[in-house]
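Q: After the structure tokens below, expect a handful of questions from me.
The numbers here are math on the coordinates, done by the rules we state, and not lab data. Predicted model, so just to flag it, every value in this text is computed and none were measured. So basically every Cβ, Gly included, is an ideal-geometry build from the backbone, and we count neighbours across all protein chains shown.
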Amino acid sequence: MRRLGSLLFALGLVGCSKSFDPPSYVSGLRVLAIKAEPPEVAPGQSSTVTALAVATDGAAIAFAWSECDKAPLPGQAINRDCFTTDLSMQSYLTNIGSGATIDFLMPMVSATDLGEPDATGGVYVALRADAATSQEASTSSYRLRLAGPSAPNRNPTLAGVFQGGGISELDAAQPPTVHAGDELTLRGVFSAGSAESYSVAGRAVTELLTIAWFATSGSFNSDVTGESTDTVLKLDKNLPPSGSAIDLWLVGRDERGGTDYVHRTLSFQ
Amino acid sequence: MKSVCTTTAVALVLSFVWLSRSAAAQGAEPVAPALSKPPRLVHFVAAIAPPALESVKEADVTLVIDVDESGHVKAVEVASGAGDGFDEAAVAAALKFVFEPGEYQGKPVPVRVTYRYHFALPPPPRAPAAPVAPAAPETVPIDGLVLQRGDRAPLAGVAVIVDDTSEQTTNDKGAFHFAAATIGAHSLKLRGATFAPFDATIKVNAGKRLQLTYYVIAKERYSSTVRGKHVVVEVVKQTLRTEEIKRIPGTQGDVLKAVQNLPGVAHTAFGTGNLIVWGSSPQDTRAYVDGVYIPTLYHFGGQRSTLNGEMVQSLSFAPGGFSVEHGFGLGGVVDIETRAPRTDGYHGFVQLDLIDGSFKLEGPITKTLSFSAGLRRSWIDAFLPLFTTGNFQLSPAYWDYQAKLDYHPNSRDHLQLFFFGSDDQLTLKTNTFDPALSASFNQHTYYHHGLVSWLHRFAGQTTLSVTASAGYDQPSQANRVQGNAVSSDSAHSFDYTLKAVVRAPLRRWLRLDAGVDFEGSYFTFDRTGAVPSQLMPGGGPINAVGPGAGTSGYATDNMNLYANHVQPFAAATFSFFDKRLTIIPQLRLAVFTYSGYQGTPNAFTSAFIDPEPRLTVRYQPIARLAIKASAGLYHQSPRPQDLSAAFGNRKLAPESAVHLVAGFEFQATPTLQLELTGFYKDMRNLVVPGEKLGDPILTNDGIGRVYGGSLLIRQELWKNFFGWASYTLSRAERQDHPDQASHLFQFDQTHILTIVASYKLPRGYQVGIRFRYVTGSPYTAAQSAVFDSNQNSYTPIAGPAYGARLGSFNQLDLRVDKTWTFDRWSLSAYLDLQNAYDAANPAGVTYNFNYTKKSTVNDLPILPVLGLRGDF
């Protein structure tokens, strides 16, 4: 019953609280995604890790990357000690580079060193990215999957962004013109084969692909969509001055750490 | 026919209750079920009417009379006087009354009687008889019934007066009989203290027996409250009568939510009714119905108890320091006693409100056997879909039932067969435009229990009571689907209990109560999903009610567990100084045994034997004042699922607590009490999540400490009014692991103030108010958050465990009841207005997506609840 009460509470069926800006609204310093290429590596292999970070005020963003060698406790995705600000506990952290992109060499670890497997049967090495401008700072994490006995995971690929129910593709070079109050039906499309099949606990499953939507203006009726499904961007708030650009990002993910992203702009009049 | 020729007309008993404090002084608990035999006035003394009677013609004086076990009057107080010498005259006469004592289960007990003494001038002298009677006039007999209007309950002891010259008194079936009445018109008067005077004219016809039935509006039915069922004194125990439970605003007559208004019980948000008693977790407080544990207290969302309040005779609540007759829990004890079926005909009710509907039927089968049966079904699932969108479906449904057979073969034996059960189903679906992102949640819980109890009274007032029960429960069953992620759990339990108690008064100064309390179960648990989270020190969620756990760490478990706990107990009650000093040393041997995963590599057995010595002392320096204290040790089994090899720890030991309680109670008037109590609880071996990697998922590392005091001023039903004010000041702390700092308990509430009042108005109206002020509960605030790129979400980083506190809670609830009484049935309607002034009470906090902003989530706004009920 308490679980149910919490559920109802979370769903907003009871009680009242004020609403916040949705996660899709980008303002200030935001890390929108971290992508590793490849997203699953064996010990001794390297992967290129890139942070998709935005500072809407145009400030320069500095990065500090570290690897956390403290395995998660049961029920945790990443051990909370990986994010401590307590210097005495930062011995768990190993500096692995700076800048938006780094090359990371998977340490010689075994699966048992990395805690319990997740729902997809994988274990991960935890990476921490501290991004900062002169005004703001934020901490992000990425779990790089340790290669297992199955075929390694590959990043999904976002093939394009379409408007009007998949009728016309948003051209990165020629942004469409939009106005206050416009409602744009948008769809992100993955390349064929992006959703891979894998096995967990003897059960064959196909990856679920999701797309997270971000924009510097307006709001989406759904901040996260599935493969080949629509969302609507309503230009109803946080509008820029006329003649400005509205930035639009799509971040595609699979369930195993695979990531891809694209950037588009809209010309606001 | 008996003539009426005194200057005073005898009034009848209004109501009677067992003498709470005097009974308690003799080692009885303060509250008990209905008397098996009411007191009866066998020697009436006419009062000497004061001269003022000549001018006022008639007057009434309501008295409260204390009658001892021998039937003699020990004390008389004026509850409602008439002045002008009437009060003194009535008291002087009543002091000379002699009663046939009231009995509980065949044993004479002290009783408090409310009695109305009616003064009236004698009727004018009759005209002289005619000198010659030509012939004897023709007569016919008159038979009649006097029943309470509305529910047709027979009214015994009613004076039926014909022509102011002949009088008969109704028997226990409400019947009266006049052997001979002359032909023609006669006046008929019904007189009794329980209803307004009733006058009528009857016409007697020649050759025709006259049959009469009168329905009169009774004031208060006899109400006996709860004194003396158990022999062992509880140091702190409050009892609510059915009339009180039904009328407390804001509870909709719910039996368990009524307990939340008593001292020492914390407030929970959204009216969920969880019982958090003296800083204990909700599962630490155990509720019993007729001595059998209720596995699930509430239906969907915690808005309704699984036991229909209409079945309840009384409810007793001990927040701590309770006697050895109870065990298995570290918190409080709620004892619910169901009502015996009525034997005066067939009765029942139908009730409807916005959430559910229920009915009950009861009556006699034979002279010694009676029955009652009730059913309740929600219909919120029928109309809730009207308010939910196609993308969000919520279908909660529940039902419960109770059925009882009551058998009194003779005066020494009482058998009872009682079945009760409850079923809850909930389906919740969120459909997005992408099926892969849709989620569903199904939950189904139920329990079905049956009990048989036997009470036998031996010669010499020794009694033996035996209660055995069996039941089948599904305490949890849920399936959750979120995209590819599936989790499920399914628990089943076959429960069996036996409790036998012998109560033997060995000497005038010594009584022995001994017995055995056995609870056993065969428990199976199949679960797939995330293991319990170890989010932060304190184990609490990052916001007061929000989500928290990560999703890694999936496991599957198929558990079976035999848990059999045999706990013998004994208490010796020593009474000294005319029973003003009572000392009760007690011992309970808490034996817990477990055998799990039989036939698998995880097989284990364990046993724990924990003596539980307890001591209770009560001293009454004066009649109205009692000083009391108790100390005791208590143990509680881990939840069966906590012994899971995959999701818990098979080596968990029982949790333990020491309760220290002291205080006093003062009986200001026969119905007004003041009680002050201090308490301290030290809890050890509490089950908490493991601290670090490599630890078991659950350990017995937890420590708890609770201390505080409570004040209760309570006016029992008196002159159509009842109410109480309770205030609790307390602090509850937890320490999750020995090397960690202690923190506030999740429900620590420094101040809890509750004021409840209800008043019955003329014309069937009753109004009530409830006001509450409670300090806000602690919660763990997020101090920052980390973006999890894999899951596109932010993970909060907790601040100090329970280092923040919600704002205080204050709320006023109002209730109005209106009853329309017809001859053979009655109709009631109520309006329960919760949060009458729409206070914005914080119930939790919620954060924006990256935990940089937070907002308060408020408790329920103003909420009117309408209900309708018919009784017959």
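Q: Please quote Rg/Rh for segment A:167-255 to two decimal places, taking the Kirkwood radius as Rh and restricting both calculations to Cα atoms.
A: Details: Rg = 16.0 Å, Rh = 14.8 Å.
When Rh is taken as the Kirkwood radius, the ratio is 1.08.
Q: By per-residue mean of other Cβ atoms within 10 Å, what is the highest-first order of B:605-613, B:199-207?
A: Numbers: B:605-613: 13.6, B:199-207: 11.3.
Order by mean packing, descending: B:605-613, B:199-207.
Q: Quick check: from the Cα gyration tensor, does segment B:287-352 come out rounded (a/c under 1.5), prolate or oblate? Could you put the intermediate results ahead of the total?
A: Numbers: a/c = 3.08, a/b = 1.54, b/c = 2.00.
The shape class here is oblate.
Q: Could you work out the percent of alpha carbon pairs in segment B:261-317 separated by over 18 Å, rounded to a whole number?
A: Values: 545 of 1596 pairs.
Summing the P(r) tail past 18 Å for segment B:261-317 gives 34 percent.
Q: For segment B:616-741, count the residues as N, evaluate 2.2 N^0.38 Å, and divide the Cα radius of gyration by that value, please.
A: 1.48
Q: Which value, in debye to the nearest 20, gives the size of the charge dipole of segment A:136-193 about its Cα centre, when Lys and Arg are +1 and Asp and Glu are -1 at the Cβ? Spell out each step's value before the answer.
A: Working: 4 positive and 5 negative charges, 105 e Å.
That gives segment A:136-193 a dipole magnitude of about 500 debye.
Q: Just checking the output field for A:224-232: average partner chain Cβ neighbours within 10 Å of each residue's Cβ? Walk me through the intermediate numbers first.
A: Values: counts 4, 5, 8, 3, 1, 6, 2, 1, 0.
Shielding by partners across A:224-232 averages 3.
Q: Defining a contact as two alpha carbons under 8 Å apart and six or more residues distant in sequence, what relative contact order in percent does segment A:76-156 show?
A: Values: 61 pairs, mean separation 16.9, N = 81.
Worked out over segment A:76-156, it gives 21 percent.
Q: Tabulate in residue order the Karplus-calculated ³J(HN,Hα) for segment B:632-640, using 6.51 cos²θ - 1.76 cosθ + 1.60 with θ = phi - 60°, rounded to whole Hz; enter x for Gly and Pro.
A: The phi angles translate into x, 10, 9, 9, 9, 5, x, 4, x Hz.
Q: Let me ask something else about it. Please work out whether segment B:246-385 counts as rounded, prolate or oblate from its C-alpha gyration tensor, where a ≥ b ≥ c are the square roots of the eigenvalues and a/c under 1.5 means rounded, while otherwise a/b larger than b/c means prolate and anything else oblate? Please report the intermediate quantities before stating the final value.
A: Values: a/c = 2.34, a/b = 1.25, b/c = 1.87.
Here segment B:246-385 falls in the oblate category.
Q: Right, another one. Working out 0.36 nm times the residue gap between B:Leu417 and B:Ala459, then minus their Cα-Cα distance, what length gain in nm do you get to one decimal?
A: Numbers: separation 42, 0.36 × 42 = 15.12 nm, distance 2.48 nm.
That pair, B:Leu417 and B:Ala459, stretches by 12.6 nm at full extension.
Q: Here is a further query. Kindly give the semi-axes, whole Å and largest first, of the ellipsoid equivalent to segment A:114-166, taking each as the square root of 5 times a Cα gyration tensor eigenvalue. Present the calculation step by step, with values, prior to reporting the outcome.
A: Numbers: eigenvalues 144, 127, 17 Å².
Equivalent-ellipsoid dimensions as semi-axes: 27, 25, 9 Å.
Q: Kindly flag which residue pairs out of B:Lys237/B:Lys818; B:Lys692/B:Lys853; B:Lys404/B:Lys499; B:Lys74/B:Lys579; B:Lys57/B:Lys760 have an alpha-carbon separation exceeding 23 Å in this structure. Don't jump to the answer; show the numbers that get you there.
A: Working: B:Lys237/B:Lys818 32 Å; B:Lys692/B:Lys853 31 Å; B:Lys404/B:Lys499 19 Å; B:Lys74/B:Lys579 16 Å; B:Lys57/B:Lys760 28 Å.
Beyond 23 Å: B:Lys237/B:Lys818; B:Lys692/B:Lys853; B:Lys57/B:Lys760.
Q: Also, I was wondering about something else. Averaged over every viewing direction, what's the projected area of the C-alpha convex hull for the protein assembly as shown? Give it in nm², one decimal, please.
A: On the way: hull surface 212.8 nm².
With every direction weighted equally, the projected area is 53.2 nm².
Q: Moving to a separate point now. So if I place +1 on the C-beta of Lys and Arg and -1 on the C-beta of Asp and Glu, and nothing else carries charge, what would the dipole magnitude of the protein assembly as shown be about its Cα centre? I want it in debye, nearest 20. Walk me through the numbers before you get to the answer.
A: Numbers: 94 positive and 103 negative charges, 812 e Å.
That gives the protein assembly as shown a dipole magnitude of about 3900 debye.
Q: Shifting gears a bit: Using only Cα atoms, locate the centre of segment A:184-258 and the centre of segment B:234-309, then give the distance between them in Å, rounded to an integer.
A: Result: 48 Å between the Cα centres.
Q: In Å³ and rounded to a whole number, note down the convex hull volume per residue for the Cα atoms of segment B:621-660.
A: Numbers: hull volume 3.0 nm³, N = 40.
Once divided by residue count, the hull of segment B:621-660 is 75 Å³.
Q: Calculate the radius of gyration of the Cα atoms of segment A:26-116 to one decimal place, then report Dmax, the largest Cα-Cα distance, as a whole number, both in Å.
A: Cα-based Rg and Dmax for segment A:26-116 come out at 14.7, 44 Å.
Q: May I pose another question? Take peptide B:441-449, look around each residue's Cβ out to 10 angstrom, count Cβ atoms belonging to other protein chains, and average those counts.
A: Values: counts 3, 0, 4, 0, 1, 0, 0, 0, 0.
For peptide B:441-449, the averaged partner shielding equals 1.
Q: Okay, moving on. Under the classification rounded if a/c is under 1.5, otherwise prolate if a/b is larger than b/c and oblate if not, where does segment B:625-693 fall, given a ≥ b ≥ c as square roots of the Cα gyration tensor eigenvalues? Provide the component values of the computation, followed by the final result.
A: Values: a/c = 4.21, a/b = 3.46, b/c = 1.22.
It is prolate, given that a/c is not under 1.5 and a/b is the larger ratio.
Q: Please give the average number of partner chain Cβ atoms lying within 10 Å of the Cβ of each residue in B:780-789, rounded to a whole number.
A: Average per residue, whole number: 6.
Q: Next question. Out of segment B:486-523, which trypsin sites (Lys or Arg not before Pro) are coil in DSSP terms and have no more than 11 other C-beta atoms within 10 Å? If you can, show how the numbers build up before the last one.
A: On the way: sites: B:Lys499, B:Arg503, B:Arg507, B:Arg508, B:Arg511; in loops: B:Arg508.
Sparse-neighbourhood loop trypsin sites (Lys or Arg not before Pro): B:Arg508.
Q: Please list, in chain and number order, the residues 5+ apart from A:Leu29 or on another chain whose amide H is under 5 Å from its amide H, with Hs placed from the backbone.
A: A:Thr56
Q: Oh, and also: For segment B:818-862, take every pair of Cα atoms, bin their distances at 5 Å starting from 0, and report each bin as a whole percent.
A: Cα pair-distance distribution for segment B:818-862, in percent: 5, 17, 13, 11, 10, 9, 8, 8, 6, 5, 4, 3, 2, 0.
Q: On to the next question. Just the Cα atoms of segment A:79-221: what Rg and Dmax do they give in Å?
A: 20.1, 56
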